[in-house]
Amino acid sequence: MERGMDASGGSTEASRQIRVRFTTKLPSPLRLPTTSLAVPSNLSRMGLSEIVNHLLKNMDSEYQFQPFDFLVDGELIRMPLEQFLLAKGISAEKVLEMEYIKAVAPRKEEDPCLHDDWVSAVDGSNTSFILTGCYDGLARIWKGGAVCTHILEGHGGAITSASVINRKGVESENSLYVATGSKDRSLRLWKFDAAEHVEHPLRIRAYKILQEHTSSVQSISSAPSGDMVCSGSWDCSIKLWEVKASEAEGDAVAIKKRKLRSDAAEHEESQLEGTATSTLVGHAQCVSSVVWPELQTIYSASWDHSIRQWDVQTGNETWNMVCGKALNCLDVGGESSALVVAGGSDPVLRIWDPRKPGTLAPVFQFSSHSSWITACKWHTRSWFHLLSASYDGKLMLWDLRTAWPLATIDSHKDKVLCADWWKSDSVISGGADSKLFICSGIQI
C-alpha cells in the first residue's frame, strides 16, 4: 500500500491507498482507460461505484450515473477493500485488477395487481402476460402485467400451482395453453387466444380435467416439449399427464357435456377427463415441488426432506439427496443447467451439484432470510443469478459470487408465497396480501 494522490486528485495522507485497474466487458460507452490509479483502502463497493461513475462522467458529460458492482478473482466485493484483500489473502502491493459490472437491483416498482385472496402461484415464462393462481380458486391472465384479460374458472378449491405450457408447433402462435393445480385434488388444462381483444375479463373453462390424485395437488411443471405435464401431490405421488386437447389428437377418454351460459346464448362445451400415463412413487410425504427441465428427467422436492431425480422413461429414481429439512420449493439451472436449488422449513437457501460424486453437501448456502423459504428460481440467461421468496415478506436476488443478497425487495406486507422472473429484467411475486407485485429494471 502507498500514500499519494486519490482518484480525484486530492491528498490522502489520512487514508492508506491501493492501486487498482478498472476493467469491464460492458460496451464502449461504459469503458474506462486501463491505466491504474490509487484509491482509499477503506472504500466499499458504493465508493468504488462513485469513482467509476465520476470517471465516466469526465469522459462524457451526457453520461447518467448508475450503480456498479465489482469482481476480484471472480468474487463480488461486499466489504471494505482492505478487509476483502485480507480475507482472500490477496497482496495489496500489486495493482489490483477489478472488473466492474452493472449492479443487479430493481429500479422501478409497478402498481400491484389486486386479487380477491392470497396469490399462491405465478408464472412469468411468457413475455406478453403474467399467469397467476389464487386462493379464490381462479387463475388470471394479466396482459402486460397490468390488465386482467382472462379468468380461468372451474376449480373447487384454492389454486396451488399454475404453469404456461409451451406447445411447440401446435396451431397458431396465439393459441396458449395453461395448466393449473388445486387443493380440490385436480389439475385443469386451459386453451385460449392471447391476441383476442377483450373489453372485460373473458371467463373461460378448462378443456381437460385431470383428477386421479387422492389429495391436494401442490406443484405442476410442463415437459420441455410441451406435450405433457407432471404434478406433485400431498398423496406423496408424482403423476404424468398428456396435454393434447381433442379426441382427434388421440384421447380415448370420456367427454362430459356441460351447459354454460354466455352473454349471447346458451351453448355446450366439452370437457375431457384425462388419465395419468404414469405414476412415480417413492416420496414418503407431500411432494411440494416438481421441475421438468429435460425431456427424460424430472426433479422433485418433498416434505420428507429429500430431493429426487427421476428417469421419465423407466419411472425409476436415479438420484436421491436428503437435506434434513422439509422442502417447499425447487428449481434446476445455473452452470450448464445442472445446479439444484431448494428452500424449505428454515431460512437457508441451499444449492447442490449432482454432477459431483461422493458428496451430498450443498455447494452454496445463503442464509439472509428470517423465515421459511417458499420460492426459488434461477435466471434463465445467467449461470450466477437466482431469486428467493420467504414467509418473512421479502424477495432476495442472489449471485453465486457472493454470500450476501444483491438486493432485497420488501414490497409485500405479508408472507410471499410465490415468485418468478419475467422478461429477464423483472421479478414478479404473489403473497398473502392478495397482491401481485412487479419490480422491473433489473439488469443481468
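The values are calculated or read from the model by the stated rules, or taken from the named source; none is laboratory data. Keep in mind that this is a model prediction, so the values were computed, not measured. Neighbour counts are summed over all protein chains in view; Cβ atoms, including those assigned to glycine, are modelled from backbone coordinates with ideal geometry. Only protein heavy atoms, including side chains, enter the accessible area calculation; ligands, DNA and RNA are left aside. Shrake-Rupley method; radii C 1.70, N 1.55, O 1.52, S 1.80 Å.
Does residue 159 satisfy the condition of being within 18 Å of residue 124 (Cβ to Cβ) and hydrophobic (A, V, I, L, M, F, W, C)? Walk me through it before giving the result.
Details: within 18 Å of residue 124 (Cβ to Cβ): yes; hydrophobic (A, V, I, L, M, F, W, C): yes.
Against the criterion (within 18 Å of residue 124 (Cβ to Cβ) and hydrophobic (A, V, I, L, M, F, W, C)), residue 159 qualifies.
Residue-by-condition table, conditions (1) crowded, with 22+ Cβ neighbours inside 10 Å; (2) among the aliphatic types (A, V, I, L, M); (3) closer than 22 Å to residue 306 by Cα:
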position: 354; (1), (2), (3): no, no, yes
position: 361; (1), (2), (3): no, yes, yes
position: 369; (1), (2), (3): yes, no, yes
position: 373; (1), (2), (3): yes, yes, yes
position: 403; (1), (2), (3): no, yes, no
position: 414; (1), (2), (3): no, no, no
position: 439; (1), (2), (3): yes, no, no
position: 442; (1), (2), (3): yes, yes, no
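Just checking, how many residues over the range 306-323 are in a strand (DSSP E or B) and under 14 Å from residue 283 (Cβ atoms)? Before you say what the answer is, go through the steps one by one.
Residues of the range 306-323 that are in a strand (DSSP E or B), as a first pass: 306-311, 317-322.
Then keep just the ones that are under 14 Å from residue 283 (Cβ atoms); that gives 306-310, 317, 319-322.
Count: 10.
Against the condition within 16 Å of the chain's Cα centre (by Cα), part of a loop (DSSP other than H, G, I, E, B) and at positive phi, how does residue 424 come out, does it pass? Break it down into steps so the answer makes sense when it comes.
Numbers: within 16 Å of the chain's Cα centre (by Cα): yes; part of a loop (DSSP other than H, G, I, E, B): yes; at positive phi: yes.
Against the criterion (within 16 Å of the chain's Cα centre (by Cα), part of a loop (DSSP other than H, G, I, E, B) and at positive phi), residue 424 qualifies.
Would you pick out the residues in the range 320-329 that are among the aliphatic types (A, V, I, L, M) and surrounded by fewer than 24 Cβ atoms within 10 Å (Cβ to Cβ)? Steps first, please.
Just the residues of the range 320-329 that are among the aliphatic types (A, V, I, L, M), to begin with: 321-322, 326-327.
Within the range 320-329, 321, 322, 326 qualify.
Please report, ordered by residue number, the strands (runs of 3 or more DSSP E) entirely within the range 55-158 with at least 2 residues that are in contact with a helix residue (DSSP H, G or I) (Cβ under 7 Å, 6 or more places away or on another chain) and surrounded by 19 or more Cβ atoms within 10 Å (Cβ to Cβ).
Numbers: elements: 68-72, 96-102, 119-123, 129-134, 139-143, 147-153.
So the answer is 68-72.
Restricting to the range 302-328, name every residue that is farther than 18 Å from residue 355 by Cα and among the aliphatic types (A, V, I, L, M). Spell out how you get there, then give the answer.
Here is the first cut: in the range 302-328, the ones farther than 18 Å from residue 355 by Cα are 302-305, 312-316, 324-328.
Passing the criteria: 312, 326, 327.
Scan 420, 346 and give me the residue that is modelled with pLDDT of 95 or more, open to solvent by less than 30 Å² (accessible area, probe 1.4 Å) and either outside the structural domain of residue 128 (by TED's automatic domain parsing) or out of contact with any strand residue (DSSP E or B) (no Cβ under 6 Å at 6 or more places or on another chain) (or both). Don't jump to the end; show me each part of the working.
Working: 420 fails: either outside the structural domain of residue 128 (by TED's automatic domain parsing) or out of contact with any strand residue (DSSP E or B) (no Cβ under 6 Å at 6 or more places or on another chain) (or both).
Residue meeting the stated conditions: 346.
In the range 173-210, how many residues are in a loop (DSSP other than H, G, I, E, B) and without any contact (Cβ under 8 Å) to a residue 60 or more places away in the chain? So that I can check it myself, show each step before the final result.
Let us first name the residues in the range 173-210 that are in a loop (DSSP other than H, G, I, E, B), namely 173-174, 183-186, 194-201, 206-207.
Add one more test, that the residue is without any contact (Cβ under 8 Å) to a residue 60 or more places away in the chain, and what stays is 173-174, 183-186, 195-200.
Counting residues in the range 173-210 that are in a loop (DSSP other than H, G, I, E, B) and without any contact (Cβ under 8 Å) to a residue 60 or more places away in the chain gives 12.
Look at the range 19-36 and say how many of its residues are in a strand (DSSP E or B), among the β-branched types (Val, Ile, Thr) and open to solvent by 40 Å² or more (accessible area, probe 1.4 Å). Please lay out each step first, then the result.
Step one: filter the range 19-36 for residues in a strand (DSSP E or B), giving 19-23.
Narrowing the set further to residues that are among the β-branched types (Val, Ile, Thr) leaves 20, 23.
Subsequent filtering for residues that are open to solvent by 40 Å² or more (accessible area, probe 1.4 Å) retains 23.
Within the range 19-36, residues that are in a strand (DSSP E or B), among the β-branched types (Val, Ile, Thr) and open to solvent by 40 Å² or more (accessible area, probe 1.4 Å) number 1.
Looking at residue 338, is it open to solvent by 20 Å² or more (accessible area, probe 1.4 Å), modelled with pLDDT under 95 and not β-branched (Val, Ile, Thr)?
No, not satisfied.
Within the range 37-54, track down each residue that is open to solvent by 40 Å² or more (accessible area, probe 1.4 Å) and farther than 23 Å from residue 407 by Cβ.
To start, the set of residues in the range 37-54 that are open to solvent by 40 Å² or more (accessible area, probe 1.4 Å) comprises 42, 44-46, 50, 54.
Correct list: 42, 54.
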